[in-house]
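Structure first, commentary second.
Just so it is clear, none of the values below were taken in a lab; they were calculated from the coordinates. Just so you know, these numbers come straight off a predicted model, no measurement behind them. Because the Cβ atoms are built from the backbone with ideal geometry, glycine has one as well, and the counts that use them run over all protein chains shown.
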């Protein structure tokens, strides 16, 4: 059997005529060589039942829907400025949802410059094979990470960090996100586990700080993290939540240098630092697993930090982390 074809105008006229003659859906389907479910759906869409179906009305509905389908697929291609804007934002690693919302805010009254996320996805996947399609699809966030069951026993022996404060002792205001200044931290491991990049994320504004590191040495990590946060206003450096990785074993030194108290999550419990885990996924778009961080310049790291903080976020009512963070900083002055 050939590929499916939509019902034609002349077939609709035959359906209307045969219904008037009292023929059943099964009988009509045999005459037209269509599956009876196809005839049944057509009657339902064109009038609701066999008695109210009219070929002319059904045809007008079909033409209207076809125009909508074509419009959705062609809108970006037929509007050069819109196409340029969409591709620019995708290259900044914005998601289609972020692109659609950003265009809506930038062009609030120009419907021609507004598209749905679905239209952007359609545009990407109907592009002919080539470098442009490959480039733009590579900008989409990939989620192929191995997931571990929550009840899976971690085979690694976790060595207790001296004088650590458990996440259970953390103030309730951290969980509520009602007060800014509470951070989550981690390190991303590079190629052959020989290079690392530090990450800090503020829980309320989702602002990201990327910390260049030479190694996972605890003293070096403490000093590098403290250097990044010590110039923040006092109200914006309250706590840091970290996993029990040994790179934060010098947490007391970090607290002494920065004034930020460190709390430690339970072993193998990444959901307790969900903001940072999500941010790490975004960062991996730019620095995938296997990246050698010793070959990544400080300038490039800063550029990626700016891109991440310049994205509008749904959880921030489509403000960017930079905007949300600066609003708080200005309110403290």
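How would you rank 313, 54, going from fewest to most other Cβ atoms within 10 Å of each one's own Cβ?
Details: 313 18, 54 13.
Least crowded to most crowded, the residues run 54, 313.
Separation of the range 173-212 and the range 215-243 by C-alpha centroid, Å?
After rounding, the separation between the Cα centres reads 10 Å.
Quick check: Cα centre of the range 254-333 to Cα centre of the range 13-68, how many Å?
56 Å
What does the extension gain come out to for residue 106 and residue 133, with contour length at 0.36 nm per residue minus their alpha carbon separation?
Working: separation 27, 0.36 × 27 = 9.72 nm, distance 2.52 nm.
That pair, residue 106 and residue 133, stretches by 7.2 nm at full extension.
Over the Cα atoms of the range 230-316, what radius of gyration and what Dmax do you get, in Å?
15.0, 37
Quick one: the Cα spread of the range 15-125 along its three principal axes, in angstroms, biggest first?
Each principal axis gives a Cα extent; for the range 15-125 these are 60, 26, 19 Å.
Can you compute the modelled spin-label distance between residue 160 and residue 21, with each label point 7 Å from Cα toward Cβ, in nm?
About 8.9 nm, to one decimal.
Just the Cα atoms of the chain: what Rg and Dmax do they give in Å?
Spelled out, the Cα radius of gyration and Dmax of the chain are 28.2, 90 Å.
With an 8 Å cut-off on Cα pairs and a minimum separation of 6 or more residues, tell me the relative contact order of the range 249-333 in percent. Let's see the in-between values first.
Numbers: 30 pairs, mean separation 10.3, N = 85.
RCO, the range 249-333: 12 percent.
What ranking do 286, 254 get, fewest neighbouring Cβ atoms within 10 angstrom at the top? Before the final figure, lay out the partial values.
Working: 286 17, 254 25.
Fewest-to-most Cβ neighbours within 10 Å comes out as 286, 254.
Just to be sure I understand: with springs between alpha-carbon atoms less than 10 Å apart, which residue in 79, 291, 239 has the highest mean-square fluctuation in the Gaussian network model of the chain?
79
How many percent of DSSP beta bridges within the chain run antiparallel, rounded to 5?
Numbers: 13 of 22 bridges.
Within the chain, antiparallel bridges account for around 60 percent of the total.
What value, in deg cm²/dmol to 500, does the helix sum -39500 (n - 2.57) over DSSP H runs of n ≥ 4 give at 222 nm once divided by the residues of the chain? Could you put the intermediate results ahead of the total?
Numbers: 14 runs with 157 residues, N = 333.
So the helix-based figure for the chain works out to -14500 deg cm²/dmol.
Working from Cα positions, state the angle (0 to 90°, nearest 10) between the long axis of helix 9-20 and the longest principal axis of the chain.
60 degrees
Counting other C-beta atoms within 10 Å, which of 104, 30, 129 has the fewest, and how do the rest follow?
On the way: 104 16, 30 13, 129 7.
Lowest to highest Cβ neighbour count: 129, 30, 104.
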